[in-house]
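The structure appears below as structure tokens.
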Amino acid sequence: QVQLVEAGGGLVQAGGSLRLSCAASGRTFNNYRVGWFRQAPGKEREFVAAISRRGASTHYGDSAKGRFTISRDNAKNTVYLQMNDLKPEDTAVYYCAAGTPLLPTMSTYDYWGPGTQVTVSS
């Protein structure tokens, strides 16, 4: 089992930045790819970013490209999502997930955190 806990969400004005973190405990964290997803009210869950087990490979959803950066520190069992130039449409609950999905953009990860709320005001 892997337990995931997100942190770093909050209220920020448009154009601002936040850094989300995803702390893991349990089994060896660097065995797993980690992804970030988000879900806004009334919308489907959306892929944001993913990073490979050692951090050598990253993927981004269209909404995150050029503004968000995913990184990981396996020594600290933590993955980060740096979000810059935030927009009101980025408002959502952000979830991190760990596992071995067939594709990093798919939501078929094995373990999920409870989520952290990000609200961007205009």
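The values are calculated or read from the model by the stated rules, or taken from the named source; none is laboratory data. Being a predicted model, the structure only gives us computed values, none of them experimental. When we count neighbours, we look across all protein chains shown, and the Cβ atoms used for this are built from the backbone with ideal geometry, even at glycine. Calculation scope for accessible area: heavy atoms of the full protein, side chains included, ligands and nucleic acids excluded. Shrake-Rupley method; radii C 1.70, N 1.55, O 1.52, S 1.80 Å.
A few remarks follow.
- What separates the Cα centres of region 70-93 and region 19-57 is a distance of 9 Å.
- Three semi-axes of the equivalent ellipsoid, region 65-113, Cα gyration tensor, whole Å, largest first: 21, 15, 11
- Thr108-Asp62 FRET efficiency (beta carbon distance; Förster radius 25 Å; 0.05 resolution): 0.80
- Over all orientations, the chain has a Cα convex hull whose mean projected area works out to 6.7 square nanometres.
- DSSP loop trypsin sites (Lys or Arg not before Pro) with at most 11 other Cβ within 10 Å excluded, longest remaining stretch of the chain: 66-122
- Annotation: per residue accessible area for the chain equals 51 Å², rounded to a whole number [probe 1.4 Å, protein chains only].
- Accessible surface of the chain, 1.4 Å probe: 46 percent of it comes from carbon and sulfur atoms.
- Candidates Val12, Val34, Val79, ranked by Gaussian network fluctuation over the chain, Cα under 10 Å, top entry: Val12
- For region 1-96, applying the loop criterion from DSSP together with a ceiling of 14 other beta carbons within 10 Å to the GluC sites (Glu not before Pro) yields Glu44.
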